[in-house]
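Notes follow the structure.
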Amino acid sequence: MSQSKPKALTFYLYIAIHIAAVVTLFFVPFSWDKLLLFGVSYFFMMFFITGGYHRYFSHRAYKLDRIPQFCMAFLCMMSGQKGILWWAATHRDHHLYSDTELDVHSPVQKGFWYSHILWIFNEDTMHYNPKKIQDFGRFPELRWLDKYDWVPTLIYAAVVFTLGGLISNHGFWSGAFQALIYGYACVLLTCYQVSYTINSLAHVFGKKRFDTGDESRNNWFLAILTLGEGWHNNHHYCKSSVRQGIKWYEIDMTFYLLYLLSLVGIVKDMRPFREENTKGIVVGAKAEELVAQPIE
Ligand SMILES: [Zn+2]
Ligand SMILES: [Zn+2]
């Protein structure tokens, strides 16, 4: 895959949004309730990114009925990380070509900044091969969401803005803009940067438990920040597993929440870390192929 120059307009717009949110923070007075709004919003948004985009749509680590599936797609796309079909198809390529020349974001091949952020602006990665995601691409409602990928994040911004204004004691507009900054802009930008570290840092810093043939690492610090995604070497070893922290001390908040959702019947058929056949021989852990097959 050739490395083309980033698209100038989207690149600079993206940088401008980052700077604007950080600068604006200095003009919005600090308060504990705004920090709480940020923390709770960050937690749930990160959960939808890891539980939705990654473990469900990319790896089918568990099953959802059709309506919860649509809700999960909508909820994870509130984070503004493009469409679920683009995200999952691109991520499946990462596993297929991990840390080779064909990897879309390998720090080993192209360095920190390219693997962290610049790859998103590469012309080659802006499109995906629908054949890589036929399993979910067959749902028209998911194709629609993927096409209009700006809709969920804008609706989320509008809801935060409106609710912030309505419950504010300092007037509608002041409350609305403060909620928009702490509950939306800062949350989105933090989620962008933290989730990018799995592509950039989790292929460089940490420990390798399994020989996966690539540079994926387990990193406890990134696992805390990303609600479990930092157990990245475990994940590369068994990508279909719903849990990525496999020891009791490997905290994996995404798995714990998915487990709770399974208790009430929303999440179904969670796939285990190692699949063993009747003779106790491990099968399907590493060799399994992520190919498009009908879900049912
Ligand atoms: Zn990886
Ligand atoms: Zn993955």
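What to note about this one:
- Residue match in region 252-275 (condition: surrounded by fewer than 21 Cβ atoms within 10 Å (Cβ to Cβ), at pLDDT below 95, away from ligand 1 (no atom under 16 Å from the Cβ) and among the hydroxyl-bearing types (Ser, Thr, Tyr)): no
- Any hit, region 64-80, residues being basic (Lys, Arg) and buried (at least 17 other Cβ atoms within 10 Å of the Cβ): no
- From the list Thr190, Thr162, the one residue that fits, being within 29 Å of the chain's Cα centre (by Cα), surrounded by fewer than 16 Cβ atoms within 10 Å (Cβ to Cβ) and among the β-branched types (Val, Ile, Thr), is Thr162.
- Scanning region 198-241 for residues being touching a Pro at 6+ places or on another chain (Cβ under 7 Å) and either within 11 Å of ligand 2 (Cβ to nearest atom) or within 17 Å of His54 (Cβ to Cβ) (or both) gives a total of 3.
- Residue match in region 32-53 (condition: without any contact (Cβ under 8 Å) to a residue 40 or more places away in the chain, within 16 Å of ligand 1 (Cβ to nearest atom) and surrounded by 17 or more Cβ atoms within 10 Å (Cβ to Cβ)): yes
- Subset of region 66-125 (residues that are acidic (Asp, Glu), outside any loop (DSSP other than H, G, I, E, B) and more than 14 Å from ligand 2 (Cβ to nearest atom)): Glu123, Asp124
- Qualifying residue in region 102-113 (condition: under 26 Å from Tyr184 (Cα atoms) and either of a type in the set (Phe, Trp, Tyr) or under 17 Å from the mean Cα position of the chain (by Cα) (or both)): yes
- Taken over region 153-190, the criterion of being closer than 30 Å to Asp103 by Cβ and at pLDDT 95 or above is satisfied by no residue.
- The test for being surrounded by 21 or more Cβ atoms within 10 Å (Cβ to Cβ) and out of contact with any strand residue (DSSP E or B) (no Cβ under 8 Å at 6 or more places or on another chain) does not hold for Trp113.
- Residue within region 197-220 that is at pLDDT 95 or above, more than 30 Å from Phe70 (Cβ to Cβ) and more than 16 Å from ligand 1 (Cβ to nearest atom) present: yes
- So Tyr97, is it under 24 Å from Tyr56 (Cβ atoms), surrounded by 14 or more Cβ atoms within 10 Å (Cβ to Cβ) and out of contact with any strand residue (DSSP E or B) (no Cβ under 9 Å at 6 or more places or on another chain): yes
- The residues of region 91-127 that are within 12 Å of ligand 1 (Cβ to nearest atom), of a type in the set (Ser, Thr, Tyr) and within 16 Å of Tyr196 (Cβ to Cβ), listed by number, are Ser106, Ser115.
- Among the helices (runs of 4 or more DSSP H) confined to region 149-261, the ones with at least 3 residues that are touching a helix residue (DSSP H, G or I) at 6+ places or on another chain (Cβ under 7 Å) and not polar (S, T, N, Q) are located at 151-166, 172-180, 186-200.
- Filter pass, Phe205 being over 22 Å from the mean Cα position of the chain (by Cα) and aromatic (Phe, Trp, Tyr): no
The values are calculated or read from the model by the stated rules, or taken from the named source; none is laboratory data. This is a predicted model, so every value here is computed, not measured. All Cβ positions, even for glycine, are placed from backbone atoms using ideal geometry, and neighbour counts span all protein chains on display.
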